[in-house]
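Every read-out reported here was derived from the displayed coordinates using simple, explicitly stated rules and does not represent laboratory data. What you see is a predicted model, and the numbers here were worked out from it, not measured in a lab. Note: ideal-geometry Cβ built from the backbone for every residue, glycine included; neighbour counts use all protein chains shown.
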Amino acid sequence: MKLWHRLALAFSGLTTLAMLLALSVTLAVFKHAQERGLDEELFERAATEAAEVTLLGGRRLNIEQAPSDASNNLVQLVKYGAVFAADGTLITHTVTFGDRTPALVALGYRPGGALPFRGFDFVFGEQILRGVLVRVHTDPPELLLLAAPRDDLDSDVLYLLRAMAMVFCAVVLASAGAGLWLGARLTRGIKRIAQVARRVSEGELGARVDDASLGRDREIVRLGGDLNQMITRTQALLEAERRFVSNAAHELRSPLSALRGELELALRHPRTVEAYRAAIDEALGDTNRLVDLAEDLLTLARVSALRAAEPVAAAAVVAQAIAASGARHQAAVDTDVEPVWVIGQSGALVRLLRNLIDNAATHAPEGSPVRVSVHASDGWVRLAVEDDGAGVEENVRQRMFEPFARGSLEREASGAGLGLAIARDIARAHGGELRLESPAHPTRFVALLPAVAAASAADE
Ligand SMILES: Nc1ncnc2c1ncn2[C@@H]1O[C@H](COP(=O)(O)OP(=O)(O)OP(=O)(O)O)[C@@H](O)[C@H]1O
Ligand SMILES: [Mg+2]
């Protein structure tokens with residue numbers, strides 16, 4: 001069953017139920033009020049009658065003896081009366097009862113028992129009468145039964161019931177219509193959103209939900225907005241992935257073609273041992289570049305799966321990073337390291353810092369040191385790497401954290417432009433962040449990493 005049919009059904013079902021409940025309660029209250037009204041009239045009339053019966057010695061009833069047509073007034077309806085002795089023996093009755101006056105026991109009264117404090121119904125011939133039983137203060141005491149037909153009362157209830165049935169049918173029809181309309185209105189927006197989702201899943205990434213077509217329901221409009229946002233993000237991710245793959249292929253192709261060129265050249269003519277050695281050396285250099293690139297790509301792919309695990313001493317990370325990067329260049333590294341601990345994965349943190357030191361060392365002017373500092377504050381460890389080079393080129397700043405983004409200096413060197421992308425991913429995988437705090441004079445990159453609380457670090 002379609003969603004909007006279900007909604008319509010639920011709406012009209014609930015409305016019908018509520019209506020049914022309200023009408024039943026109204027009818028019950030009305031019926032009860034009518035009965036109480038009749039009972040009051042009957043008791044009032046019975047009291048008057050009982051007083052008269054007392055006066056006349058219990059042998060006469062003052063009630064009209066013959067049926068009358070003028071029966072609009074409730075009092076006029078009281079046509080049935082009978083006087084009983086305390087033991088239930090019939091003493092006198094109106095002609096309307098004829099010889100079919102009901103016995104007290106048949107009315108549910110046991111001689112000597114308590115009198116019913118409300119009216120009661122009983123069958124008389126083909127009609128139902130409502131009667132009351134009161135005590136007549138004669139000596140010995142007698143009982144007076146006074147009754148009136150329920151017809152009038154029942155016809156009022158029936159009239160109300162008919163009116164209610166008509167209202168009920170009208171409301172059920174209206175609520176079914178309203179339910180269908182409401183269901184269609186509510187699901188219209190969802191249908192439009194589903195259409196867009198389907199188009200996107202079929203590959204049409206340019207599809208967007210048109211806000212204006214969603215109506216005014218805030219939740220639906222928000223859902224449409226969220227979907228649009230999700231599509232935009234997915235599109236950006238897919239584009240980034242495509243760019244990444246084509247950049248990676250390009251980066252792999254350059255050293256591979258160089259390698260092939262060198263090997264082909266070496267094979268073209270017979271050469272001296274030295275010339276072969278030189279060619280092999282060059283080929284080895286290209287192979288190393290390829291291995292480095294493959295390792296960087298692998299690191300980048302694995303960083304997101306990194307799980308920060310143990311407290312790591314910042315001083316150890318700095319020492320290892322300097323040692324690892326020192327193998328590549330000769331720039332001096334000045335350090336200012338507080339004895340703090342970081343929660344993380346030691347190897348990855350060393351890699352992060354090494355990438356920053358490598359970059360700084362590449363850009364630092366001859367004889368100028370790279371400065372590495374580690375300080376803790378507010379639960380964070382601030383790891384800064386500074387150099388006095390010319391700074392990050394302006395056109396690189398926007399994209400430098402993206403894979404394969406490189407400045408003009410690096411384009412000629414061997415770097416693939418993955419260093420900062422890897423470093424930022426590592427920082428984020430640790431719940432931290434990597435920022436360029438100062439783009440020039442000095443150039444300063446800062447990694448913020450979650451610190452270990454002093455007490456737990458002391459335990460280590
Ligand atoms: N300390 C720095 N001073 C000036 N420019 C920098 C500095 N660090 C990074 N950059 C700029 O950011 C670019 C991206 O750096 P990243 O480390 O990602 O790549 P790379 O160093 O070129 O190559 P790789 O790190 O993969 O060997 C660099 O090419 C450079 O232009
Ligand atoms: Mg680098």
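Neighbour counts of other Cβ atoms within 10 Å put 1, 400, 230 in the fewest-to-most order 1, 230, 400. Can you pull a Stokes-Einstein diffusion coefficient for the chain at 10 °C (1.306 mPa s), Rh from Kirkwood over Cα pairs, as a whole number of µm²/s? Diffusion coefficient, whole number: 49 µm²/s.
Taking the charge dipole of segment 222-284 about its Cα centre, with +1 at Lys and Arg Cβ atoms and -1 at Asp and Glu Cβ atoms, the residue from 237, 247, 278 reaching farthest to the positive side is 237.
Remark: spin-label model distance residue 115-residue 324 equals 10.7 nm, labels positioned 7 Å along the Cα→Cβ axis. By the rule of a C-alpha distance below 25 Å, with chain neighbours fewer than 8 residues away ignored, the lysines paired with residue 191 are 2. Taking the fewest neighbouring Cβ atoms within 10 Å as the starting point, the ordered list for 422, 190, 231 is 190, 231, 422. Against the empirical 2.2 N^0.38 Å (N residues), segment 239-328 has a Cα radius of gyration ratio of 1.56. With R₀ fixed at 22 Å, the C-beta to C-beta distance from residue 275 to residue 253 puts the FRET efficiency at about 0.25. Screening the chain for DSSP H helices whose Cα atoms reach 27 Å or more along their own axis and whose mean Kyte hydropathy is at least 0.0 gives 3-55, 151-201, 273-303. Shape analysis of segment 146-188 based on the Cα gyration tensor places the equivalent ellipsoid semi-axes at 41, 6, 4 Å, largest first.
Our summary gives the chain a relative contact order of 11 percent, counting only alpha carbon pairs under 8 angstrom and 6 or more residues apart.
Dividing the alpha-carbon radius of gyration of segment 153-294 by the rule-of-thumb value 2.2 N^0.38 Å gives 2.51. Residue-normalised convex hull volume from the C-alpha trace of segment 75-217: 220 Å³ per residue. Restricting the calculation to alpha carbons of segment 346-418 gives Rg and Dmax of 13.5, 42 angstrom. Each residue in 343, 280 was given a count of other beta-carbon atoms within 10 angstrom of its own, and listing them fewest first yields 280, 343. Once the C-beta distance of residue 154 and residue 48 is scaled by a Förster radius of 22 Å, the resulting FRET efficiency is 0.30 to the nearest 0.05. For residue 79, the lysines whose Cα falls under 24 Å of its own Cα, not counting residues fewer than eight places away in the same chain, are 31.
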